[in-house]
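Q: Let me give you the structure first, and then I'll get to my questions.
The values are calculated or read from the model by the stated rules, or taken from the named source; none is laboratory data. Just so it is clear, the model here is predicted, and its values are computed rather than measured. Here the Cβ positions follow ideal geometry from the backbone for every residue, glycine too, while neighbour counts run over all protein chains shown.
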Amino acid sequence: MSLIPFAPSRPLSIGVELELQLLSCNDYNLVSSAPDILRQIAKHNHPGKVKPEITRSMIEINTSVQYGYGALVNELRSLRDTVTNAGHFLNLAIAGGGTHPFQHWSEQKIYDAPRFNYLSDLYGYLAKQFTVFGQHVHIGCSGPDEALYLMHKLSHYIPHFIALSAASPFVQGHDTGFSSTRLNSVLTFPMSGRAPFVLNWEDFEQFFDRMVSTGVVKSMKDFYWDIRPQPEFGTIEIRVCDTPLTIEIAAAIACYIQTMSSYIMTKQSAEPEEDDYLVYTFNRFQACRFGLEGVFIDPLTNKQRSLREDITNMLTSIADHTKELQAEEAMECIREILAEGNGASWLRKTYEREHHLNNVMQQQADLWMGN
Amino acid sequence: MTWPTYIPQWPLSVSPALWFALALVIAVLLGEGLVRYLKLPRIVGYFCTGLLLGPAGLGLIPELPAIEWRLVVELALGILLFELGSKVNLRWLKANPWIAYTSLLEAGATFAAIFGLLIWFDVADATAAAVAAIAITTSPAIMVRTVAESRAQGQVTERLLLMAALNCIYAVICHKLAVAFMHGEAGISSIHVVFQPLYLIVGSVLLGWLFGVTFERIHRHLGQHEETFSFILFGMITIATIVASTLMLSPILALLAAGLITRYRRQRPQTFPAHFGSAGAVLVVLMFTANGLAADLSGLRENILLVLLLIIIRAIAKLLPVLALASYSGIGLRQAMALGIALMPMSSVALLLTLDTGIAFPTFGAGLGLALMSCIVILELTGPILVQLGLRWAKETPEKIA
């Protein structure tokens with residue numbers, strides 16, 4: 001099976017996917033009720049899509065193709081309300097966040113669908129352990145070569161997106177000290193990491209064919225890269241973000257990525273080089289471990305800054321594009337995260353006040369559902 | 001040579017408590033065996049042991065004195081009712097009224113069907129109503145226990161707990177009304193027929209509210225230390241049971257209301273260990289074994305047709321409304337089947353109501369009451385298995401780890 005052709009799409013258009021937690025209203029542990037809530041949601045009209053995920057305590061909401069922050073937030077709000085109403089009807093709570101703080105992986109159940117059963121057979125316990133919740137952002141690209149260019153250029157800023165969205169400090173009942181632990185679960189998969197350093201689509205197709213012929217993958221879906229091209233939609237998909245605690249933050253981060261893409265695609269700069277990736281995993285680790293306080297090393301200049309500082313600088317650099325894309329409100333939200341902390345620090349503060357992870361989870365759900 | 005006083009005389013004079021203690025050990029071993037080899041719920045073993053060794057079976061253990069039996073059952077049932085109430089979110093009924101309709105329809109259909117059946121068997125109206133009220137019950141004890149043991153979670157589990165709690169409320173109230181009518185037929189003025197149930201409901205709920213609020217206060221200050229906490233809780237449950245009986249209120253209603261009110265008022269999620277710790281778990285074993293010992297199948301042979309019809313018609317009357325309203329209330333047909341089947345069990349609440357009726361009306365206790373007792377025994381034995389089957393069928397029990 002060869003790679004499908006790269007579909008046309010409006011450059012810089014955005015689409016957001018959010019994986020969400022389904023919770024019992026009694027103890028706020030995860031509950032395997034995805035089939036029930038999906039059945040309930042299917043009874044009503046709503047924008048976008050609501051889909052199952054690998055285990056039955058997760059669902060995913062997808063927006064349609066959007067361009068501006070206002071419309072994106074509106075669609076996400078409408079999707080949130082749809083899911084929240086269905087949740088109330090079934091006595092379920094819904095929450096954002098990258099991990100559930102005290103669920104046990106072995107209690108999770110695989111959603112009964114051919115692809116998920118295949119993944120469960122292949123990956124064993126990793127499949128259940130993959131009950132983590134991420135935000136994926138699609139950015140439309142004018143063509144396949146542009147997509148690869150943008151992918152390699154954006155890879156450099158992956159730590160920005162991780163630090164801004166990080167909302168998974170607690171795992172299996174304990175504070176890990178990390179801002180985002182979710183990516184540690186992704187890293188255990190053999191096809192995770194970063195895309196190969198290939199700059200034109202023909203070479204990428206060759207790489208793909210070679211991988212298919214080895215039998216390791218069947219489609220683009222089998223690559224769990226941090227950023228991957230999605231020829232089906234004519235986009236690149238950024239997959240490193242935790243699901244933020246509110247849909248407003250989710251939309252703001254999507255627009256931050258969009259605006260930065262606009263900046264990258266218009267700025268004259270050097271071609272991507274393999275050497276750009278020298279510090280990739282170190283920077284990525286720093287963002288996961290320390291969030292906005294993490295160290296960010298610029299591979300071109302070798303300069304070290306905190307991620308907070310680097311994002312602040314970036315907001316200034318992309319100011320013109322912010323205006324052009326009418327994303328001021330989104331960047332205001334990003335500044336607020338820089339000033340007041342990301343989801344991980346909200347969760348830690350809440351835990352300090354409440355002393356029980358069940359209570360933290362309840363407030364996390366109330367925050368997401370807009371109660 | 002005289003028989004030395006330090007060696008016991010033959011035949012040995014043994015305290016009857018020994019037999020009960022022995023039964024308990026056997027019950028627990030049998031329960032473990034059932035889980036291990038047949039994957040059945042433990043309580044089936046507890047109940048079976050009482051049934052097999054007690055007067056209804058081999059007769060190895062003498063009948064328990066009614067007062068002691070009642071003490072054990074009321075305390076253990078009190079714990080389970082409070083536990084049930086504290087797990088049930090009444091606000092859900094507002095968000096999804098279809099569950100309330102399902103519950104009302106299911107209870108109404110059960111009452112009507114059993115009432116009709118008994119009228120057809122030439123039973124007096126008020127007596128038929130009392131039995132029909134008891135038939136509404138879905139054993140809260142079996143529900144709480146089997147759900148805890150199977151570690152089930154999901155829509156069927158939550159609806160089962162909610163509907164068991166509601167059925168318990170309907171049954172106690174309808175039963176009290178029916179008994180009042182039975183007294184009415186015996187020539188008691190009608191003002192009391194109205195006033196008595198009112199007193200019962202308001203009084204029991206007030207007592208439950210007082211219990212709930214006091215418990216909350218104490219719990220907030222004491223924290224989760226299991227020993228302290230379960231000691232206080234059991235003390236409070238005993239006090240509430242005795243106060244309720246003294247004031248001629250319903251201990252069942254009071255403790256269920258206490259749990260429901262605690263849950264309703266609570267701002268933060270709160271989890272307790274199953275049966276509030278190991279002391280509670282011991283009482284639960286005691287209760288199911290004692291229920292087995294008290295099981296009375298003497299009316300079975302004589303009333304076999306009636307007993308079978310009662311069980312079958314009650315099953316249909318519970319299952320059909322659940323199936324009919326399934327899709328409106330947001331569950332699939334498979335889940336509705338599972339829920340309907342799991343609503344079958346009867347045990348302590350039904351047993352206490354039947355005994356109370358028998359005490360007030362000895363002719364009932366010697367006639368129709370015996371048929372009803374046989375029903376309860378059969379549904380207490382098979383009930384936990386049906387609940388477990390339902391929960392497994394609905395895929396709400398944990399998956400086996402490969």
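Q: Of all residues in the range A:1-31, how many are in a loop (DSSP other than H, G, I, E, B), within 10 Å of chain B (Cβ to nearest Cβ) and surrounded by 23 or more Cβ atoms within 10 Å (Cβ to Cβ)?
A: 2
Q: Restricting the search to the range B:341-366, which residues are part of a helix (DSSP H, G or I) and either surrounded by 22 or more Cβ atoms within 10 Å (Cβ to Cβ) or of a type in the set (Phe, Trp, Tyr) (or both)?
A: Of everything in the range B:341-366, those that are part of a helix (DSSP H, G or I) and either surrounded by 22 or more Cβ atoms within 10 Å (Cβ to Cβ) or of a type in the set (Phe, Trp, Tyr) (or both) turn out to be B:ALA342, B:SER348, B:VAL349, B:ALA350, B:LEU351, B:LEU353, B:THR354, B:THR357, B:PHE364.
Q: Within the range A:105-123, which residues are more than 10 Å from chain B (Cβ to nearest Cβ), under 22 Å from the mean Cα position of the chain (by Cα) and not in a helix (DSSP H, G or I)?
A: Answer for the range A:105-123, where residues must be more than 10 Å from chain B (Cβ to nearest Cβ), under 22 Å from the mean Cα position of the chain (by Cα) and not in a helix (DSSP H, G or I): just A:TYR111.
Q: Moving on. Which one is farthest from the other protein chains (Cβ to nearest Cβ), of the residues in the range A:35-53 that are within 20 Å of the chain's Cα centre (by Cα) and touching a residue at least 40 places away in the same chain (Cβ under 8 Å)?
A: A:GLU53
Q: Something else now. Among the candidates B:THR354, B:THR382, B:THR363, which residue alone is over 18 Å from the mean Cα position of the chain (by Cα), away from chain A (no Cβ under 14 Å) and among the hydroxyl-bearing types (Ser, Thr, Tyr)?
A: From the options B:THR354, B:THR382, B:THR363, the qualifying one is B:THR363.
Q: Does A:VAL279 fit the bill of being in contact with a Ser or Thr (Cβ under 7 Å, 6 or more places away or on another chain), surrounded by 18 or more Cβ atoms within 10 Å (Cβ to Cβ) and within 15 Å of A:HIS156 (Cα to Cα)? Walk me through how you get there before you give the answer.
A: Details: in contact with a Ser or Thr (Cβ under 7 Å, 6 or more places away or on another chain): no; surrounded by 18 or more Cβ atoms within 10 Å (Cβ to Cβ): yes; within 15 Å of A:HIS156 (Cα to Cα): yes.
In short, no.
Q: Inside the range A:177-210, can you point out the residues that are under 29 Å from A:ALA330 (Cβ atoms), modelled with pLDDT of 95 or more and in a loop (DSSP other than H, G, I, E, B)?
A: A:PHE178, A:SER179, A:THR181
Q: What are the residues in the range A:252-284 that are hydrophobic (A, V, I, L, M, F, W, C), out of contact with any Pro (no Cβ under 9 Å at 6 or more places or on another chain) and in a helix (DSSP H, G or I), if any? Talk me through it step by step, then tell me what you get.
A: Looking only at the range A:252-284, we keep the residues that are hydrophobic (A, V, I, L, M, F, W, C), and these are A:252-255, A:257, A:260, A:264-265, A:270, A:278-279, A:282.
Those still in the list that are out of contact with any Pro (no Cβ under 9 Å at 6 or more places or on another chain) too: A:254-255, A:257, A:260, A:264, A:270, A:282.
Residues satisfying the conditions are A:ALA254, A:CYS255, A:ILE257, A:MET260, A:ILE264, A:PHE282.
Q: Same structure again: For the range A:296-319, which positions are in contact (Cβ under 8 Å) with a residue 40 or more places away in the chain and more than 23 Å from the chain's Cα centre (by Cα)?
A: Result: A:PRO299, A:SER317.
Q: Specify which of the listed residues (B:VAL284, B:VAL243) is β-branched (Val, Ile, Thr), under 19 Å from B:LEU71 (Cβ atoms), crowded, with 21+ Cβ neighbours inside 10 Å and in contact (Cβ under 8 Å) with a residue 12 or more places away in the chain.
A: Step by step, each of B:VAL284, B:VAL243 is checked, and only B:VAL284 is β-branched (Val, Ile, Thr), under 19 Å from B:LEU71 (Cβ atoms), crowded, with 21+ Cβ neighbours inside 10 Å and in contact (Cβ under 8 Å) with a residue 12 or more places away in the chain.
Q: For B:ALA338, state whether it is within 14 Å of another protein chain (Cβ to nearest Cβ) and either in a helix (DSSP H, G or I) or touching a residue at least 24 places away in the same chain (Cβ under 8 Å) (or both).
A: Against the criterion (within 14 Å of another protein chain (Cβ to nearest Cβ) and either in a helix (DSSP H, G or I) or touching a residue at least 24 places away in the same chain (Cβ under 8 Å) (or both)), B:ALA338 qualifies.
Q: Another question, if that's okay. Does the range A:66-80 contain any residue that is crowded, with 20+ Cβ neighbours inside 10 Å, within 14 Å of chain B (Cβ to nearest Cβ) and modelled with pLDDT of 95 or more?
A: no
Q: Looking only at the range A:211-235, count how many residues are more than 25 Å from A:LEU122 (Cα to Cα) and part of a helix (DSSP H, G or I).
A: Total meeting the criteria: 0.
Q: While we're looking at this one, here's another question. What do you reckon, is B:LEU161 at pLDDT 95 or above, closer than 24 Å to B:VAL387 by Cβ and away from chain A (no Cβ under 14 Å)?
A: No; evaluated as a whole, the condition is false for this residue.
Q: Sticking with this structure for a sec: Looking at the range A:343-355, can you tell me whether even one residue there is touching a residue at least 24 places away in the same chain (Cβ under 8 Å), within 14 Å of chain B (Cβ to nearest Cβ) and either part of a helix (DSSP H, G or I) or out of contact with any strand residue (DSSP E or B) (no Cβ under 9 Å at 6 or more places or on another chain) (or both)?
A: From the range A:343-355, those touching a residue at least 24 places away in the same chain (Cβ under 8 Å) are A:343-348, A:351; that's our starting set.
Applying the additional criterion that residues be within 14 Å of chain B (Cβ to nearest Cβ) yields A:351.
With the extra rule that they be either part of a helix (DSSP H, G or I) or out of contact with any strand residue (DSSP E or B) (no Cβ under 9 Å at 6 or more places or on another chain) (or both), the set shrinks to A:351.
Yes, the conditions are met somewhere in the range A:343-355.
Residue by residue, here is whether (1) crowded, with 18+ Cβ neighbours inside 10 Å; (2) of a type in the set (Gly, Ala, Ser); (3) farther than 17 Å from A:LEU72 by Cβ holds:
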position	(1), (2), (3)
A:ASP298	no, no, yes
A:THR316	no, no, yes
A:HIS321	yes, no, no
A:GLU324	no, no, no
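Q: Then there's this: Just one of the numbered conditions (1) over 26 Å from B:PHE272 (Cβ atoms); (2) within 14 Å of another protein chain (Cβ to nearest Cβ); (3) surrounded by fewer than 24 Cβ atoms within 10 Å (Cβ to Cβ) is not true of B:THR102; which one?
A: It fails just one condition, (3).
Q: Would you pick out the residues in the range B:9-34 that are part of a helix (DSSP H, G or I), closer than 17 Å to B:PRO62 by Cβ and not β-branched (Val, Ile, Thr)?
A: B:PRO16, B:ALA17, B:LEU18, B:TRP19, B:PHE20, B:ALA21, B:LEU22, B:ALA23, B:LEU24, B:ALA27
Q: Given (1) more than 14 Å from every other protein chain (Cβ to nearest Cβ); (2) surrounded by fewer than 17 Cβ atoms within 10 Å (Cβ to Cβ); (3) closer than 30 Å to A:GLY68 by Cβ, where does A:LEU292 come up short, assuming only one miss?
A: (2)
Q: Now for a different question. Somewhere in the range B:263-279, is a residue β-branched (Val, Ile, Thr) and either more than 15 Å from the chain's Cα centre (by Cα) or more than 22 Å from B:PHE20 (Cβ to Cβ) (or both)?
A: yes
Q: Considering (1) assigned to a helix (DSSP H, G or I); (2) in contact with a helix residue (DSSP H, G or I) (Cβ under 8 Å, 6 or more places away or on another chain), say which one B:TYR37 fails and leave the rest.
A: (2)
Q: Within the range B:55-69, does at least one residue satisfy the condition of being in contact (Cβ under 8 Å) with a residue 12 or more places away in the chain and under 27 Å from B:LEU391 (Cβ atoms)?
A: no
Q: Can you go through B:MET287, B:MET248 and tell me which one is closer than 20 Å to B:VAL172 by Cβ and outside any helix (DSSP H, G or I)?
A: None of the other options fit; the residue is B:MET248.
Q: Where the second residue is of a type in the set (A, V, I, L, M, F, W, C) and modelled with pLDDT under 95 and the first is on the phi < 0 side of the Ramachandran plot and lies in the range B:387-402, which pairs have Cβ atoms under 6 Å and are six or more apart or on separate chains?
A: Close Cβ pairs satisfying both conditions: B:LEU391/B:ALA152; B:GLU396/B:ALA152; B:THR397/B:ALA152.
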